[in-house]
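Some notes on the structure that comes next.
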Amino acid sequence: MKIAILTQPLHINYGGNLQNFALQKVLKDMGHEPVTIDRHHTIKLRAKLKLGYIKGLVLHYLKGVPKPLWRSYFISKKQQNYIQEDIVEFITSHINKTPRLYSDEEVEAVFEQQNFDSVIVGSDQCWRPMYSPNIYTYFLDFLENNETIKKIAYAASFGTDSWEYSKEQETRCQALIQQFDLITVREKSAVNLVKDNFNKEAGFVLDPTLLLSKDDYSELFDGKDLPNNKGIYTYILDNNDWKDKVVETAKTTLGLPQFSNQHNEQHANTKKIPSIEGWIKGIADADFVITDSFHGTVFSIIYNKPFISLANVGRGASRFQSLLGEIGLLDRLVDKYDQQEILRLILEHIETSDVIDKLNKLKIKSLNLLKISLQLENDN
């Protein structure tokens, strides 16, 4: 079966690329032919995002914590290509995708040309209006009158448990979602958001990255010339004082060095973004992980690492809460520095057998839902 995947734009985001890689691998292992629709922001939307970034820089400056001026639209194309080289190499090598598409018309044209049997919307925060190039595209407005393509949402995410749709968006998306044959979401809170706002039932499933094993990911970096590290691996997207205290407490308590594999903002315009393979290997090598990233948390679980997740409310905390709550590790998520609590989490052993058992049950359920929804297409 030829399957189109609609997800957030593929760029330098580790988790975004890995969830797409994982979903494609799962579908390929089932015998299907997945193709990711590489939808990107229009020039108008990119200008709006650029303005938002500049406003953010001004706010940081006024707060006394200036940030370096870095985004792809502030540097030359040649420099941008160099900085993103390893990420682009991963996408090119491991993800089957269309050329970049910058308009709704280009997306519609691909569907007219490719004769897809099914389309899967998800995962990542594809149903979060502020992140999407066009929120209606992710509710398949261009296929509204097409009854031959099976329409599935797999682990679609709103990213937050609060409602961020305008009344106009809500009304239009409520009508569009009725055409879906199966709706599954990545957060427990999203089940209620779909029911309460769209009058539609949704099931809870795992993020695609959790459908693969650590061996699947280790194959990506095996044989590559990457450093071997030991110690406390940190992957923190939004630094602040209380998060720094958590890291320092862990270093002191465990007597281990800190290492990371993420882009240093001080050298953002001159050095390459570290590879996705190196990012995974950093977690695989770690003795302990501290992260405010959802997928940093996911890969800590996949590799059975002791970890602390630092709540990142602005980026969406409900996805952390849903996953960690389901596998009995919700206490590993913290939103402030409490010395006694942090010490407990650093020293407390995680019963990995219980976690693995709960995760496997969720994995079986998630895969079965996906298989059944696709099998129904074969039966038509």
Quiz prompt | Criterion (polar (S, T, N, Q), more than 19 Å from GLU187 (Cβ to Cβ) and at pLDDT 95 or above) met by exactly one of THR253, THR270, THR297 | solution = THR253
Practice problem: Would you point out the residue of the stretch 166-186, among those that are assigned to a loop (DSSP other than H, G, I, E, B) and touching a Ser or Thr at 6+ places or on another chain (Cβ under 9 Å), that is nearest to ASN312 (Cα to Cα)? | Solution: ARG186
Self-check item: Filter pass, LEU206 being surrounded by 14 or more Cβ atoms within 10 Å (Cβ to Cβ), outside any loop (DSSP other than H, G, I, E, B), out of contact with any His (no Cβ under 6 Å at 6 or more places or on another chain) and in contact (Cβ under 8 Å) with a residue 40 or more places away in the chain
Solution: no
Self-check item: Subset tally (residues that are under 23 Å from THR209 (Cβ atoms) and either assigned to a loop (DSSP other than H, G, I, E, B) or not small (Gly, Ala, Ser) (or both)) for the stretch 116-136
Solution: 14
Quiz item: What pairs can you find where one residue is in the stretch 28-43 and under 11 Å from MET1 (Cβ atoms), the other is at pLDDT below 95, and their Cβ atoms are less than 6 Å apart, with a gap of 6+ or different chains?
Solution: HIS32/MET1
Quiz item: Filtering the stretch 55-104 down to residues that are in contact with a Lys or Arg (Cβ under 9 Å, 6 or more places away or on another chain) and at pLDDT below 85, which residue is most open to solvent (accessible area, probe 1.4 Å)?
Solution: TYR61
Exercise. Could you please let me know if ILE152 is β-branched (Val, Ile, Thr), in contact (Cβ under 8 Å) with a residue 24 or more places away in the chain, buried (at least 16 other Cβ atoms within 10 Å of the Cβ) and closer than 27 Å to LYS25 by Cβ?
Key: yes
Exercise. Say whether the condition of being at pLDDT 85 or above, part of a strand (DSSP E or B) and acidic (Asp, Glu) is met by at least one residue in the stretch 30-45.
Key: yes
Practice problem: Out of the residues in the stretch 209-226 that are assigned to a helix (DSSP H, G or I) and under 16 Å from the mean Cα position of the chain (by Cα), state the one that is farthest from SER322 (Cα to Cα). | Solution: TYR217
Quiz prompt | From the options GLU219, GLU112, residue that is within 20 Å of PHE21 (Cβ to Cβ) and acidic (Asp, Glu) | solution = GLU219
Practice problem: Please specify each residue of the stretch 137-154 satisfying the condition of being in a loop (DSSP other than H, G, I, E, B) and under 19 Å from ASN20 (Cα atoms). | Solution: LEU140
Exercise. Determine, yes or no, whether ASN239 is among the polar types (S, T, N, Q), out of contact with any Pro (no Cβ under 7 Å at 6 or more places or on another chain) and in a loop (DSSP other than H, G, I, E, B).
Key: yes
Quiz item: Is there a residue being of a type in the set (A, V, I, L, M) and buried (at least 16 other Cβ atoms within 10 Å of the Cβ) anywhere in the stretch 163-181?
Solution: yes
Practice problem: Under 8 Å between Cβ atoms, at least 6 apart or on separate chains: pull out the pairs that start in the stretch 1-18 with a residue that is closer than 12 Å to ILE87 by Cα and modelled with pLDDT under 95 and end on any residue that is open to solvent by less than 20 Å² (accessible area, probe 1.4 Å) and charged (D, E, K, R). | Solution: LEU10/ASP38
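The values are calculated or read from the model by the stated rules, or taken from the named source; none is laboratory data. Being a predicted model, the structure only gives us computed values, none of them experimental. Note that each Cβ is placed from the backbone with ideal geometry, even for glycine, and that neighbours are counted across all protein chains shown. The accessibility values were calculated without ligands, DNA or RNA, using every heavy atom of the protein model including side chains. Shrake-Rupley method; radii C 1.70, N 1.55, O 1.52, S 1.80 Å.
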